[in-house]
Amino acid sequence: MRIGTLKTSYGADEALFDSSVQRGLLVLLALGAVAFPFVASPYWLFLACLCAINVASATGLNLLTGYTGLVSLGQAAFMSVGAYAVAVLEIRLGTPFLLNLLIGAALAAVIGILVGIPSLRVKGLYLAIATIAASVILHFLFSHWSLTGEARGLSMPPASLFGYVIDQPFTLYWLIMPVTCLMVLGAANLLRTRIGRAFIAIRDRDISAEVLGIPLLRYKLTSFAISSFYAGLAGGLWAYFFRVVTPESFPLVNSIFYLAAIIVGGMGTILGGILGAVFMTLVPELLKFAANWLTPIYPDALAALAPVRTIVFGGLIVGFLIFEPRGLAEIWRRVRRFFHLWPFRT
Amino acid sequence: MSLARADMAARPILEVSGLSLAFGGLRALSDVSFTVPEEAITAVIGPNGAGKTSLFNTISGFYRPQAGSIIFAGENLQGVRAPQRAARGLARTFQNIALFRGMTVLDNIKLGRHAHMRTGVLDALLYWGRAQKEELELRAEIEERIIDFLEIQHIRDAAVGTLSYGLQKRVELARALAMRPRILMLDEPVAGMNREETEDMARFILDVKEEWGVTILMVEHDMGMVMDISDHVVVLNFGQVIASGTPREVQGNEAVIAAYLGSGDVGEIARRIKAEAA
Amino acid sequence: MDMLFLAEVALAGLGAGALYALTGVAFVLIYKATRVVNLAIGEILMLGGYAFLGFAAGLGLSPWIALPLAIAAGGVFGWVVERSLIRPMLGENPISVFMVTIGLGSILAGAVQLAWGADPLRLPEFLPGTPIFIGDAYLAPKVAFGFAAAAVVIGLFLALFRFSRGGVALKATAADQGAAYSVGIDVPRVFSIAWILACATAAGAGVLVGAIGGISPTMGVFGLSVLVVVIIGGLDSLAGALVGGLLIGLVEALAGTFLGGEFKLVVTFALLLVLLMVRPYGLFGTHEIERL
Ligand SMILES: Nc1ncnc2c1ncn2[C@@H]1O[C@H](COP(=O)(O)OP(=O)(O)OP(=O)(O)O)[C@@H](O)[C@H]1O
Ligand SMILES: [Mg+2]
C-alpha cells in the first residue's frame, strides 16, 4: 500500500521521460524505427545499422568519460575484443549468436577492468595513455595469434536463428536496432540509481566522494567494466554486420572517433551520445554525396574526399569544443525550449 | 552546566587518542586526544592552521595518521577505509564546499545515502524491483525528513552551482543527514554566512541533535555560535590540544586567549570570547 | 653476440632517441607553461617537414635558408594556434583542451594530404654524407647530425631555463599561474612564447626527422612515441623528456632489430604500462597532492 502511494507521489517525478510531449515524441520515434526498414533502401538500412552500432559504443564510452570523467582512448580496442570473440565462437563452436554476443561483451568487460586498474593511481592524460597502451598490446596480440587469424583476420558465417540466416541489412536491422535500444535504455536507467550518482560524484570531485561513502576503485572499475561491456557488445554486432574482422578493423582513430562523437553530441548526457554518434557517422556520407555532386564541376572532388573527411572530422571536434562545448544535446534543448515558448516569446 | 556535566559522563561515541599527523616536516597534529560524548555538541576551535580540518580528514580516513587511535562506537577505525567509515555513520560536511556541480540538489542529497543502498549493476540497468523500490523509498524519505526539515523544497531541482553560499552549506548538511549519521562532523558550518543564515544553521544543528539524536562534532570560528550551542569545546593550537571543557571553562583559559592573540588572528576573537563570558 | 653490431644499433637508437627527446622537450615546454597536453605535436612536426619541402623544393630556396624559414613557420603557427584555439579554452576541463589538440592534429594531417598528396616524399639532401665511425661502429651521418642538433638545442633550452629571466617566468608560471600573475609576470605572454618556442622546435625536429626518413601525412604517428617519452619522463620535466627520449629510442632500436619492426610499439607501450604502475607520474614528474 505504502509503495502504491510512493509511486503516485514521486514515481512520476522519477520517471525517465517526464513530460507527455516527450513521451509522445518517443512513441513517434519508435513507430518510425519500426516502419523504417520497410520503406528504406538497403543503403539507408546499412547506414542505420552502422549508426546504431556506433550509438551503442559511444553510449558506453559516455558512461566512462562523460559521466565518470575517465578518459579512454581504448573504446575501439574493446570493440575489437568483442568482435574477435564473436568471430572465433561463431567459426569454431557455432554457438547461438546471442550467447556469442554476451560472451564477447563479458570478455571485453574483463579486459576493461584490467585496463582500468591503473585508474586509481593515474589520472587524466596518464590514464588515456594507459588505454592507448592497452590498444597497442591488443592489436599486437590479434595480429600475431593464430586463433585470431593473425594479420589476415577472420571471415565468419552470418548469425542465424532457428536456421534463419541474418545476413541482409533488413534482417540485421532487426538484430542491431533492438539491442542498441536496450543498451541505451539500460544506460539511462543506470544513471537514475546510486551507481550513476557515484559515477558523477567521481567525475566532479573524486576525493570527497570517497569520504562520502563511495569506494573509488570499485566504481571506477565498474565504469570501465560497463563501458567496455558496451564496446564489446557493439563490436560483436559489428562482426555480425561486416563478417570480416581484421587487426585493422578497429584502429586508434576509431577510439578517437567515439570520443569525438560524445564531445560533439554532448558529454555526460545520454541524448548527446546518441546524437553525436549518429551525426559523426553520417557526416562522411554527406561529404561523399557532396563529392559526387561536385565531380562534374570539379573532377578531383572524389580524390580530395579522404583528406577533406579528415579535416572535417578535426574541425568538428575543435569547432564544437570552442563554440558549443555542450554539444548537439544543448542545441536540441534550445530548440525544444524555443518551441515550448513559441507562441509566447517575448 | 549540570546538564553539560551529565553529558560528559555519558559514554563517548568517539575517542581520539595520541593522534599525530605530519606532512613532511610540518606537524599538523601532535598527540591529539579528546573524546566526543554521545548526543551532544562538541566544538573544535583554534586559530587558522591549527590543524582542525586535518583532524577531521584524519577521522574521516582521508589522511592516515602516523600514530594514535580513533575509536568510534567501540570499534578501532585503524585499517577501516574512508568509504567504510562513512557507512558506519561518520558523516561530514566540508570547509570548502564539496557539492557535485553536475548534479541537482536532490541528487546531491541522494548521493549521501549511497553506502546504505543495495542496488547492483544488474538491478540498475533494468531499473526493476529492488532498484526502483529503493530509489522511490529514498526519494520519499529525503523529501519528508530532510528537505522539509531544512526548508529547501524550493531548490530541490536547482543546479547546485546556481545557489548562494549559505544555501550550498545547507545542501551539504542535507547530504550529510542523508548519510544516516551517528556522528555529524561539520567543518565551519556558518563560515561566510550572514547573521540570519547563521541563526538558521544554529537552529538546524540543535534540532538535529535533539530530534534525530545525532552526535555533533563541529569546527567553527564563530565564537558566538560555539558558546551558544556547544556542550563541550576542544581547543587546538599548532596541532596540539591546549584546552578542553565546557564553553565557560574554555573561555576563561589563559592559554586559549594567548593562542588567539599570539596567532595574529586579531584580538577580535579574544574580545568576542570575553564579551560572551560577560 | 656481436658487440660491434650491438653498438651500432644502440648508436642508431640514441640518434633517433635524440629527436624524440627534442620533440618531447617541445611537448613539455607547452605542458609546463600552460598545462595543455598537446597531442598535435606529431602533426606540427610533420608540418615542419612539409614547410621545409615547400620552401626548398617549391620555392627553390637553398636548404640552409629553408631550414630557418621552416622553423620560423612553426613558431608562427604555434602563436596562431595559441591565440585562436588554446586561449579560448582557458579554464575548460583538461579533457576538452586535449581533444582540441587532437582535432587540430586531424585538421593538419588532412590539410597536408590535400596539398601534397598521400604519398611519402623525400626532402632535398642537405645533411653531410661522410660516414662517421665512433670507434669501429658505423653511424649514419644524418642520424649523427640529428643527434648533434638535438643536443645543442636541448642544451640551449636547459641553459635558458636555468639562467634567463624568461626561464624564471616560465618556472613561476608552471608552479602557480595565479601567483605568477600577481607578482607581475605577464602570464599570457609566457603562454604565447611557450607555444612559439615549442612549435618552432617541433618544426625543426620535423625537418630532421624528414631528412632521415622522408615525410608523409601519416608522419604524425611520431607523436605517439613522443607521448610515450613524455609520460615515461614525467609530463612536466625537461630532464625527463631527455632521458625518456633516449631510452625509448634505444628500446625501439633494440626491439626493432632483435624482435622485428612490428615489436617496436608494443614493447615501448608495455614498458610504459609497467612504469605507470610503479611510478604513476613518470620518472621525474611531480605528483600533485590533493587536498580535501
Ligand atoms: N595535504 C596537505 N599537505 C601539506 N600540508 C597540509 C595539508 N593539509 C593541511 N596542511 C597544513 O597543515 C596545517 C593545518 O591545516 P588545517 O587545514 O588542518 O588547519 P585548520 O585548523 O583547518 O585551519 P583553518 O581555520 O584556516 O581552516 C596547515 O599548516 C596546512 O598548511
Ligand atoms: Mg580548516
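The values are calculated or read from the model by the stated rules, or taken from the named source; none is laboratory data. Please read these numbers as outputs of a predicted model, since none were measured by experiment. Reconstructed Cβ throughout: ideal geometry from the backbone, glycine too, with neighbour counts over all protein chains shown. Side chains are part of the model used for accessible areas, which takes the heavy atoms of the whole protein and leaves out ligands, DNA and RNA. Shrake-Rupley method; radii C 1.70, N 1.55, O 1.52, S 1.80 Å.
Looking at (1) closer than 24 Å to residue C:177 by Cα; (2) modelled with pLDDT under 95, which is the only condition residue C:41 fails? Among (1) closer than 24 Å to residue C:177 by Cα; (2) modelled with pLDDT under 95, residue C:41 violates only (2). Of the residues making up segment C:77-96, those that are assigned to a helix (DSSP H, G or I), more than 8 Å from chain A (Cβ to nearest Cβ), farther than 23 Å from residue C:66 by Cα and among the hydrophobic types (A, V, I, L, M, F, W, C) number 1. Pairing each residue of segment B:51-67 that is closer than 14 Å to residue B:95 by Cβ with any residue that is part of a helix (DSSP H, G or I) and more than 9 Å from ligand 2 (Cβ to nearest atom), provided the two are 6+ apart or on different chains, yields C-beta distances under 6 Å for B:60/A:211; B:60/B:82; B:62/A:211; B:62/B:82. For segment B:156-174, does any single residue satisfy the condition of being within 16 Å of ligand 2 (Cβ to nearest atom), under 16 Å from residue B:142 (Cβ atoms) and in contact with a Ser or Thr (Cβ under 6 Å, 6 or more places away or on another chain)? Yes: one or more hits.
Within segment C:117-158, the set of residues being part of a helix (DSSP H, G or I) and either surrounded by fewer than 18 Cβ atoms within 10 Å (Cβ to Cβ) or among the basic types (Lys, Arg) (or both) comprises C:141, C:142, C:148, C:151, C:152, C:155, C:156, C:158.
Is one or more of the residues making up segment B:168-184 of a type in the set (Val, Ile, Thr) and at pLDDT below 90?
no
Scanning segment B:153-198 for residues that are open to solvent by 20 Å² or more (accessible area, probe 1.4 Å), within 16 Å of ligand 1 (Cβ to nearest atom) and either touching a helix residue (DSSP H, G or I) at 6+ places or on another chain (Cβ under 6 Å) or within 13 Å of chain A (Cβ to nearest Cβ) (or both) gives B:192, B:193.
Go through segment A:194-248 and give me each residue that's out of contact with any helix residue (DSSP H, G or I) (no Cβ under 6 Å at 6 or more places or on another chain), touching a residue at least 60 places away in the same chain (Cβ under 8 Å) and of a type in the set (Ser, Thr, Tyr). Selection gives A:240, A:246.
With the structure loaded, tell me whether residue B:89 is more than 16 Å from ligand 2 (Cβ to nearest atom), free of Cβ contacts under 8 Å to residues at least 60 places away in the same chain, out of contact with any His (no Cβ under 8 Å at 6 or more places or on another chain) and open to solvent by less than 60 Å² (accessible area, probe 1.4 Å) or whether it fails that test. Lay out the reasoning, then the answer.
On the way: more than 16 Å from ligand 2 (Cβ to nearest atom): yes; free of Cβ contacts under 8 Å to residues at least 60 places away in the same chain: no; out of contact with any His (no Cβ under 8 Å at 6 or more places or on another chain): yes; open to solvent by less than 60 Å² (accessible area, probe 1.4 Å): yes.
Here the answer is no, as residue B:89 does not meet what is asked.
Each residue in segment C:235-292 was checked for being of a type in the set (Gly, Ala, Ser), surrounded by fewer than 17 Cβ atoms within 10 Å (Cβ to Cβ) and either within 16 Å of ligand 1 (Cβ to nearest atom) or more than 14 Å from chain A (Cβ to nearest Cβ) (or both), and 1 pass. The set of residues from segment C:35-53 being more than 14 Å from every other protein chain (Cβ to nearest Cβ) and under 16 Å from residue C:75 (Cβ atoms) comprises C:45, C:48, C:49, C:51, C:52. Residue B:27 satisfies every condition listed in (1) open to solvent by 20 Å² or more (accessible area, probe 1.4 Å); (2) of a type outside the set (Ser, Thr, Tyr); (3) touching a helix residue (DSSP H, G or I) at 6+ places or on another chain (Cβ under 7 Å) except (3). In a residue-by-residue description of segment B:96-105, the property of being assigned by TED's automatic domain parsing to the domain that holds residue B:187 and within 16 Å of ligand 1 (Cβ to nearest atom) applies to no position.
Scanning segment B:179-205 for residues that are in contact (Cβ under 8 Å) with a residue 60 or more places away in the chain and more than 16 Å from ligand 2 (Cβ to nearest atom) returns B:179, B:180, B:181, B:182, B:183, B:184, B:205. Within segment A:242-269, the set of residues being crowded, with 24+ Cβ neighbours inside 10 Å and assigned to a helix (DSSP H, G or I) comprises A:255, A:258, A:259, A:260, A:261, A:262, A:263, A:264, A:265.
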